[in-house]
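Asker: Next up is a structure, given as structure tokens.
None of the figures in this text is laboratory data; all of them are computed from the coordinates on show. For clarity, every value in this text was computed on a predicted model and none was experimentally measured. Cβ coordinates were reconstructed from backbone atoms using ideal geometry, including for glycine residues, and neighbour counts include every protein chain displayed.
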Amino acid sequence: MSPHKRIIWICIPLIVLGLCIGCSDDPTEPDGNGVPHGDVTTADSMATHWMQALADSLEIIPDNEDADSYRAVRYTEIRDGMDAALEVNSDSPIAHIGCALLDIIEVNYDPELWEVIDSLIAYDDENKSALASTGGIYFRPGSPILRNQFTLLATAPRELARRTLTGIPGNLTLARAQEILEELVMPAFDSAIQHLAAAEENAEPVINLQLEDEIYEIDLGDILMFDAALHAARAGICIAISYELDLFDRAGGYGWIDEINDLDLCESFGYSEPYGAGSRRVVHVWSERNDAARDSLAISVLQYNLEERFGFLSLRDNRMSVAYDNLLTLRDKLEEAVAAIRAETDNQNDDIIKIVDLTDLDDEIDDAGNKPRFAESFTTIEDVLNWVETVLTGTYHIDEEADYGDIEIDVNLSMLFTNAPNNWKEYIPYYRFKDPQDWLDWHWYAYGWDVSPRTECFSTCEGPDSCLANVTRIEYLNGEYDLDFIELLDGPNGDPIDLNEVIIPYVPDYSFGGLFPGATRDTWLDIAEAAGW
């Protein structure tokens with residue numbers, strides 16, 4: 001990654017870290033006597049003091065059972081201090097930025113959120129103690145928590161998926177995780193974004209802070225970048241909580257995961273048969289019995305959810321339109337940030353994102369080789385952002401060169417959000433599950449040889465090995481399987497198809513609810529031909 005790109009992508013944690021570590025003189029807090037209401041300088045000074053207190057509190061959080069209570073008391077004190085600064089002057093940009101940071105930090109350390117996160121993490125004895133002081137696997141021991149705010153939210157879905165391999169607590173479901181995002185995380189992001197909006201309305205706030213013996217200038221462009229990052233995260237959260245994704249068994253829970261984990265079938269055993277006059281043949285058998293049983297159970301759960309549980313993949317809480325608004329705002333905030341940075345006239349030495357960083361990126365966009373057709377006219381960051389707006393707000397015609405022809409199709413991404421599908425089952429290809437006995441296609445490989453009479457032992461799976469004398473033939477039989485549990489059909493209750501022949505599955509709506517306006521089966525067949533599928 002080029003240096004200027006690296007600066008752009010790390011600017012958000014630097015802003016956050018800089019705001020909290022910046023040094024300041026210890027202000028005299030207003031006592032109501034002689035301090036005029038509306039004095040923004042006093043309010044900013046108070047807010048800077050409390051941001052320093054916030055940074056200090058993160059450094060001295062006790063590594064014991066008192067940590068949660070310490071945070072609760074200290075964060076309440078800091079919140080009160082920020083509120084006091086806003087009472088002095090409600091436009092104080094530093095106070096609003098401090099409140100935005102505290103919103104994110106508080107939800108990061110929320111005990112209920114960590115109860116859910118901890119239930120998703122399979123600690124082992126080696127790393128559990130090393131990670132305890134930092135709250136979980138999301139934070140390296142000793143690393144400032146502010147550098148990891150978005151890592152927590154970004155990795156929670158990964159941990160939920162990983163945890164399905166080791167068992168999920170009976171009271172935990174994806175729906176519960178979605179509720180946590182709704183009840184705890186979303187309000188914090190909403191509040192933080194409101195505070196940043198208030199800070200941005202002030203006349204271009206500029207904050208000079210010291211970070212590791214260097215002075216950094218945090219200005220409007222940097223704050224807008226932070227705001228854009230929050231909108232990006234909020235859009236992702238809205239999408240994550242919009243659909244019902246739990247794969248329940250018939251009991252309405254995740255007991256099937258425990259059943260999979262408890263499987264312990266014998267995979268290696270043997271048997272004997274007569275072989276010639278007075279001798280025996282021993283066959284050693286190995287097969288993927290555990291994997292086969294696990295796959296069969298998982299397929300049965302998938303079949304139940306797709307065919308019998310209506311709620312699966314249905315719209316549970318339509319936040320897709322909210323996600324769409326956040327994506328539009330994200331683009332706008334990036335555009336405003338770029339404009340604010342380009343308009344700066346001050347010395348750039350202490351800026352986190354410098355004008356030259358943007359001009360260098362412009363040059364890279366302009367000079368990029370092998371551009372796709374849609375990007376051939378791009379020369380600046382603004383060109384890219386204008387294209388993003390076009391893609392997000394209306395129908396966009398894709399016309400790109402492929403190996404065997406041109407790919408042409410219309411796309412309207414807004415339909416995915418403003419006309420969100422009520423249930424994604426309505427758009428999956430026509431299909432039919434095979435009979436359970438046909439889900440696994442077994443392949444057996446046998447080989448063996450004659451031997452001089454000897455004693456041969458083999459596993460019985462139920463007790464000590466069985467040993468037989470006068471064995472003159474030894475054979476090995478290995479079993480492997482392929483999954484073959486579903487048939488794609490040529491229509492509702494139709495006939496099975498060979499995807500190698502028809503190339504494109506048959507689906508109820510080739511436009512996918514208007515996401516690809518006017519698309520037909522022929523549209524997708526033309527794309528497949530051009531791409532060489």
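Asker: Taking the Cα centroid of the stretch 303-380 and of the stretch 70-105, what is the distance between the two, rounded to the nearest whole Å?
Answerer: 29 Å
Asker: If R₀ is 41 angstrom, what is the calculated FRET efficiency for the pair LEU306 and ASP363, using the beta carbon separation as r and rounding to 0.05?
Answerer: Computed FRET efficiency for LEU306 and ASP363 comes out at 0.20.
Asker: Quick check on the stretch 276-344: take the gyration tensor over C-alpha atoms, sort the square-rooted eigenvalues as a ≥ b ≥ c, and tell me if it's rounded (a/c under 1.5), prolate or oblate.
Answerer: oblate
Asker: How would you rank LYS333, LYS371, going from fewest to most other Cβ atoms within 10 Å of each one's own Cβ?
Answerer: The order, fewest Cβ neighbours first, is LYS371, LYS333.
Asker: State the volume of the convex hull built on the alpha-carbon positions of the stretch 462-533, expressed per residue in Å³ and rounded to an integer.
Answerer: Cα convex hull per residue, to the nearest whole number: 240 Å³.
Asker: Considering the convex hull of the alpha carbon atoms of the stretch 393-533, report its projected area averaged over all viewing directions, in nm², one decimal.
Answerer: In nm², the orientation-averaged hull projection of the stretch 393-533 is 15.6.
Asker: So how much slack lies between TYR476 and TYR445, counting 0.36 nm per residue of separation and subtracting their Cα-Cα distance, in nm?
Answerer: Extending this stretch completely gives an extra 10.4 nm.
Asker: Would you work out the Kirkwood radius for the stretch 180-327? I mean one over the mean of 1/r across all pairs of different Cα atoms, in Å.
Answerer: 21.4 Å
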